[in-house]
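Structure first, then comments.
The values are calculated or read from the model by the stated rules, or taken from the named source; none is laboratory data. Just so it is clear, the structure is predicted and the values come from calculations on it, not from any experiment. Cβ sites come from the backbone with ideal geometry, for glycine too, and all protein chains shown count toward neighbours. All accessible areas refer to the heavy atoms of the entire protein, side chains included, with ligands and DNA or RNA removed. Shrake-Rupley method; radii C 1.70, N 1.55, O 1.52, S 1.80 Å.
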Amino acid sequence: MKTGRIVKLISGVYQVDVESIRFNTKPRGLFRKNKFSPIVGDIVDFDVQNVNEGYIHHVHPRNNELKRPPVSNIDTLVVVMSAVEPNFSTQLLDRFLVIAHSYDLTARILVTKKDLASSKQVEEINQLLDIYNKIGYQTEFVGDGDDRKTLVDHWPPGLIVLSGQSGVGKSTLLNQYMPELKLETNDISKSLNRGKHTTRHVELFERHNGFIADTPGFSALDFDHIDKDDVKHYFLDLNYYGEQCKFRNCNHIKEPHCNVKKALEDGDIAQFRYEHYLQLFNEISNRKVRY
């Protein structure tokens with residue numbers, strides 16, 4: 001019996017990595033019976049049938065799990081945004097961060113295409129990234145000439161997942177990090193201000209201290225798994241100041257003695273972050289129940 005990590009799934013075949021050796025495996029029928037499917041990132045035990053094929057017998061408990069796209073045991077989620085084409089959006093960034101925290105993931109922020117932005121845009125984005133730095137996020141802002149290998153190699157060890165809307169440069173970054181991958185990239189749609197989906201499946205690639213994954217770009221973010229009363233916990237700055245609210249179940253909207261409102265007035269919470277919280281809270285509050 002061998003133990004390894006699932007790094008790729010195509011047409012029902014799970015590729016499992018064991019010390020840089022790949023095995024093509026399939027899950028035992030027991031998984032189908034229990035309506036449980038292994039996913040990329042899972043640590044699994046499997047037996048070897050011949051040189052590089054086998055059957056998965058056991059999936060180790062997951063530390064965390066991203067539902068869409070399905071990846072497990074993520075050490076760091078890098079939210080990739082672009083300065084332009086598509087334009088940088090704090091609202092979209094905050095939504096990605098909420099998704100990350102809702103799945104108990106550690107997130108950091110990478111902004112690309114610095115070389116395509118005007119000096120005014122670069123200055124504005126740097127000011128916004130300073131706000132996220134103060135909240136506690138690690139941030140980076142890079143252009144085409146920057147060394148991507150050094151950038152990726154300095155990220156924390158373990159499994160890094162790149163996440164962000166289509167066209168922000170996730171596949172381009174990986175191509176620059178590992179030119180042998182030759183991942184497909186597409187131009188931005190001028191009418192939609194977003195890219196076409198170029199990554200069609202999740203795959204983990206080896207790096208010097210772990211793995212890195214390109215994921216299919218998002219055209220929509222799904223918040224169905226999040227309750228409106230939990231949204232405040234996924235805005236880290238609101239959650240920090242909310243610990244001092246008089247009422248434990250304070251949603252920082254109309255409740256009295258709200259410390260978040262005080263922090264907002266004092267300038268300790270950015271107004272745009274609070275507005276994004278309200279938008280998402282109301283959106284989730286007003287969603288229709290699905291049957």
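A few comments on the model shown:
- Selection from 257, 179, 40, by position along the positive dipole direction of the chain (Cβ): 40
- No disulfide-compatible partner, judged by a Cβ distance under 4.7 Å, exists for the following cysteines of the chain: 258.
- Potential lengthening between residue 26 and residue 151 on full extension [0.36 nm per residue; Cα-Cα distance subtracted]: 41.5 nm
- Here segment 228-286 is treated with +1 on each Lys and Arg Cβ and -1 on each Asp and Glu Cβ, and its dipole about the Cα centre works out to around 180 debye.
- Of the solvent-accessible surface of the chain, computed with a 1.4 Å probe and all protein chains present, 47% belongs to carbon and sulfur.
- Computed from backbone phi with θ = phi - 60° and the Karplus coefficients 6.51, -1.76 and 1.60, the 3J(HN,Hα) list for segment 130-136 is 4, 5, 5, 4, 5, 5, x Hz; x is used for glycine and proline.
- Across all directions, the shadow cast by the convex hull of segment 2-59 built on its C-alpha atoms averages 3.5 square nanometres.
- Note on residue 26: aspartates and glutamates with a C-alpha under 17 Å away, same-chain residues under 8 apart excluded, are 17, 42, 45, 47, 53, 203.
- Subset of 232/262; 114/134; 120/170 violating a 18 Å alpha-carbon distance limit: 114/134; 120/170
- Amide H to amide H distances under 5 Å link residue 106 with 77, where only residues 5 or more positions off or on other chains count and H is placed in the peptide plane.
- Rounded to the nearest whole Hz, the Karplus-based 3J(HN,Hα) values (6.51 cos²θ - 1.76 cosθ + 1.60, θ = phi - 60°) of segment 59-71 follow the sequence 10, 5, x, 7, 6, 7, 7, 8, 7, 9, x, x, 9, with x at glycine and proline.
- Spatial separation of Cα centroids for segment 268-287 and segment 34-99, in angstrom: 27
- Rounded tilt (10° steps) of 90-102 against the dominant C-alpha axis of the chain: 60
- Cα gyration tensor shape of segment 228-286, rounded if a/c is under 1.5, else prolate or oblate by comparing a/b with b/c: oblate
- Take the chain with all the other protein chains still there, run a 1.4 Å probe, and you get 53 Å² of accessible area per residue.
- Residue by residue, segment 273-283 carries 3J(HN,Hα) couplings of 5, 5, 5, 5, 4, 4, 4, 6, 4, 5, 4 Hz when phi is fed to the Karplus relation 6.51 cos²θ - 1.76 cosθ + 1.60 (θ = phi - 60°); x denotes Gly or Pro.
- With N as its number of residues, segment 64-172 has a Cα radius of gyration that, divided by 2.2 N^0.38 Å, comes to 1.03.
- Only Lys, Arg, Asp and Glu carry charge here, each on its Cβ (+1 for the first two, -1 for the last two); on that basis segment 2-59 has a dipole of about 300 debye about its Cα centre.
- According to the Kirkwood relation over distinct C-alpha pairs, the hydrodynamic radius of segment 1-129 is 17.1 Å.
- Antiparallel DSSP beta bridges within the chain, as percent of all bridges there, nearest 5: 55
- With both labels modelled 7 Å from their Cα along Cα-to-Cβ, the residue 246 to residue 130 distance reads 3.5 nm.
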